[in-house]
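> Handing you a structure now.
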Amino acid sequence: MQHYMQMMNPVSNLLLNSARGPLASMHSLDVMWVSFYSIGLLLASILIISAVRKWVHNAFLSFLFKFIAYAMFFIGTLLMVLVILTWPN
């Protein structure tokens, strides 16, 4: 009965979803895929940084690749934080 009442009151449903986290409106398997994407972004950024330090000697290309890698790292970290905040209670 309580679940039915929450469905009838959209404000209550919004508050419940916002209390669970920013990705609470997504299905659990979709949140899993977001976590996989964030892990992939983190891993790719580490590999790009390592490759740039070893093989790229041009300063401009090095800066460009590192900037892209750090942007990927930032996005991956942000997505992982959102996934952790959505963790079920």
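> May I ask you to verify whether Leu43 is within 20 Å of Val31 (Cβ to Cβ), in contact (Cβ under 8 Å) with a residue 24 or more places away in the chain and touching a helix residue (DSSP H, G or I) at 6+ places or on another chain (Cβ under 9 Å)?
no
> Is there any pair with a first residue in the range 47-61 that is assigned to a helix (DSSP H, G or I) and a second that is surrounded by 10 or more Cβ atoms within 10 Å (Cβ to Cβ) and of a type in the set (Gly, Ala, Ser) whose Cβ atoms are under 6 Å apart and which are 6 or more apart or on different chains, and what are they?
Filtered contacts from the range 47-61: Ile48/Ala69; Ile49/Ala69; Val52/Ser62.
> Here are some conditions: (1) closer than 16 Å to Thr77 by Cα; (2) surrounded by fewer than 17 Cβ atoms within 10 Å (Cβ to Cβ); (3) of a type outside the set (Gly, Ala, Ser). Val31 meets all but one. Which one does it not meet?
(2)
> In addition: Confirm whether Ser38 is modelled with pLDDT of 95 or more and crowded, with 17+ Cβ neighbours inside 10 Å.
For Ser38, the condition - modelled with pLDDT of 95 or more and crowded, with 17+ Cβ neighbours inside 10 Å - is met.
> Just to be sure, is Phe74 part of a helix (DSSP H, G or I), free of Cβ contacts under 8 Å to residues at least 12 places away in the same chain, loosely packed, with under 12 Cβ neighbours inside 10 Å and not basic (Lys, Arg)?
No: the conditions fail for Phe74.
The values are calculated or read from the model by the stated rules, or taken from the named source; none is laboratory data. Keep in mind it's a predicted model, so treat the numbers as computed, not measured. Note that each Cβ is placed from the backbone with ideal geometry, even for glycine, and that neighbours are counted across all protein chains shown.
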